[in-house]
Structures are given as structure tokens and as C-alpha cells.
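Below is one structure, written out as C-alpha cells, with a few remarks after it.
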Amino acid sequence: MNKTSNGHMENQRNENESSSEGIGCCGYILLFFSYFLIAITFPFSLCISLKVVREYERAVIFRLGRLLPGGAKGPGLFFVVPCVDSYTKVDLRTVTFDVPPQEILTKDSVTVAVDAVVYYKIQNATMAITNIENAQRSTQLLSATTLRNVLGTKTLGEILSDREHTVEVMKRNLDETTVAWGVHVERVEVKDVRLPVQLQRAMAAEAEASREARAKVIAAEGEQKASRALKEAADVINESPSALQLRYLQTLNTISAEKNSTIIFPFPMEFMSYFGGGGPGAKGNSGT
């Protein structure tokens, strides 16, 4: 805000000095002869003296090198004195340009190539002509420098994840300088952030390893829950002997539905006691 007010005050001071000092005696003589030529060549002189600027343009007029008081003229018709006045048209529409890709070393020592887009417009045509030689060229160079300075203070993660804050800082830094040129930066956008191929591969490998680690954790949690469910099922089956027979029949039904060529005969587990221990009364017989 201070820079803005200082710029306007300086512009008004220049205009006041120009109007107070005047164009001098020789200037008034040249101005008199110019008006005399306009009068004797009227109405043909109107073709040279009357100029038109469009709605989105302004004309900054200089008389014998001095800025005319009253600011820029337009839109519409305005009058210039031949051989004495010179004028420059200024376009007030929004201008867009691409910032060339900049090789930037981030805060965490990573080299990236970043390009951006800047939208700006001229708000004060008089300041854009009198305070800077080429406002468009200067704004482009300043944008490239600001892009490097701002992104050089951030890490790669901040550049990729927090673009809104980055472009806001860039816009504020540009406005602080261009306000003295009569230029207002409307918008700054980061188009692309290009990483080195080796870094892309490293980041891809890191992301893949993270996904595999999460998959293993999820699988382990699933095995843990499944083992708990199997333990609970085994406890239920152990409490009821008939539940095991029902489980046999359910398994037989499932296998017969999927594989019709397979024949399965359930084999009761009690029969194994006859082969292993010699029957139910084997222990009693051997004792006698």
C-alpha cells in the first residue's frame, strides 16, 4: 500500500511540475505556428489532428517532450497538435504470457523444472509509459525471477502439494514491484513441475514399496481375524459332536456341486480308535 501511494504521489508530482514549468518561450512560439498551420489548412488538418482510441485503449500525450496534465486520453476522440504533440497508445486489456521453464534447486536439494502462466493488465497508462521503458518485457523478466526465488525456498513436497499458497506468494511479490509501473498482476498459475527421470523412478519405487507394505499389513490383519473365527468355530464344534457330522455333510454337498466326477465317502473318526487302540475294550482286556 505504501508503494502504491508513493507511486501515485510521484506521478501527480511529475504532472504538476510539467504543468507549472510550461514549455518555455520557444515552445509557445512553435505551438503558435502549429495552430497557425492547422487554421490555414482547415479542414484538411483535422485528418492529422483528430485521433481515435478504442474503449480498451488510452493515449498518453507528450507536448515537446513534456507530459500533458490531465492523464491519459480516451476512449474516443482527442486532439493533437502536429509537429508539437506525440502520443503513445496503451492497451488496458489483460495480457497472458508463459514463463519459460526454470531450473530450480529446491530447499531439500532437488532440481526441478517449473513453468508458469501470468495474467496481468495495465491499470495506469501514464505510469506504464513514464516509469518503465517496456512494461511487458519487464513484467516477464520479473515473473521468471520471482518464480525462481519463491520456489527456491520451498521443498519438493510443498511445491507439489501446496500450489495455491505458492502462487499467492508469487502474485503478492509481483504486485509489490509492478504497482510502481502501473501494472496489476491478476493471476499466477504453475503449469507443470518436471522431475528428473531418476527421481521419478525413485518416487515410483517408494510408492510401490508403501503399497506393498500396506497390502501385507492388511493381509496379516485378515489372517488374524480368520484364525480367531476358526478358533471360535472349533470351540462350537467341540461342544456338539453332531456339529462335526453336519460339517461333513456340508463339505460333501459343496464338493459334489463343484466336482461331479469326485466320489467321497465320509469316514468317521471313531474308527481310528479301533485301529490304534485295538477296540473299545482293548485297554481293559490287556489289563486283565
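The values are calculated or read from the model by the stated rules, or taken from the named source; none is laboratory data. None of the values given here were measured: they were computed from a predicted structure. Every residue, glycine as well, gets a Cβ built from its backbone with ideal geometry; the counts of neighbours run over all protein chains shown. Surface areas here come from the heavy atoms of the whole protein model, side chains and all, with no ligands, DNA or RNA. Shrake-Rupley method; radii C 1.70, N 1.55, O 1.52, S 1.80 Å.
Taking Gly71, is it surrounded by fewer than 12 Cβ atoms within 10 Å (Cβ to Cβ) and out of contact with any strand residue (DSSP E or B) (no Cβ under 6 Å at 6 or more places or on another chain)?
Against the criterion (surrounded by fewer than 12 Cβ atoms within 10 Å (Cβ to Cβ) and out of contact with any strand residue (DSSP E or B) (no Cβ under 6 Å at 6 or more places or on another chain)), Gly71 does not qualify.
For the subset of the range 1-47 comprising residues that are modelled with pLDDT under 75 and of a type in the set (Val, Ile, Thr), which member is surrounded by the most Cβ atoms within 10 Å (Cβ to Cβ)? Before you say what the answer is, go through the steps one by one.
Here is the first cut: in the range 1-47, the ones modelled with pLDDT under 75 are 1-24, 27.
After this cut, where a residue has to be of a type in the set (Val, Ile, Thr) as well, the list is 4, 23.
Working: Thr4: 12, Ile23: 16.
If we take residues in the range 1-47 being modelled with pLDDT under 75 and of a type in the set (Val, Ile, Thr), then Ile23 is surrounded by the most Cβ atoms within 10 Å (Cβ to Cβ).
Would you point out the residue of the range 185-214, among those that are in contact with a Ser or Thr (Cβ under 7 Å, 6 or more places away or on another chain) and crowded, with 17+ Cβ neighbours inside 10 Å, that is farthest from Thr126 (Cα to Cα)? Walk me through how you get there before you give the answer.
Looking only at the range 185-214, we keep the residues that are in contact with a Ser or Thr (Cβ under 7 Å, 6 or more places away or on another chain), and these are 185-186, 190, 196.
With crowded, with 17+ Cβ neighbours inside 10 Å added as a condition, the list becomes 185, 190.
Details: Val185: 17, Val190: 31 Å.
That would be Val190.
Here's the yes/no breakdown for (1) at pLDDT 90 or above; (2) on the phi > 0 side of the Ramachandran plot; (3) open to solvent by 20 Å² or more (accessible area, probe 1.4 Å):
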| position | (1), (2), (3) |
| --- | --- |
| Ile122 | yes, no, yes |
| Thr130 | no, no, yes |
| Asn134 | no, no, yes |
| Leu141 | yes, no, yes |
| Val150 | no, no, no |
| Gly157 | no, no, yes |
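For the range 93-120, the candidate set comprises residues that are under 20 Å from Arg58 (Cα atoms) and within 20 Å of the chain's Cα centre (by Cα); within that set, the residue that is surrounded by the fewest Cβ atoms within 10 Å (Cβ to Cβ) is Thr96. Of the residues making up the range 169-179, not one is in contact with a strand residue (DSSP E or B) (Cβ under 8 Å, 6 or more places away or on another chain), without any contact (Cβ under 8 Å) to a residue 24 or more places away in the chain and either surrounded by fewer than 16 Cβ atoms within 10 Å (Cβ to Cβ) or not charged (D, E, K, R) (or both). Can we say Met127 is within 30 Å of Leu105 (Cα to Cα) and among the aliphatic types (A, V, I, L, M)? No, not satisfied. Can you tell me how many residues in the range 25-71 are touching a Lys or Arg at 6+ places or on another chain (Cβ under 7 Å) and among the small types (Gly, Ala, Ser)? Number of matching residues: 1.
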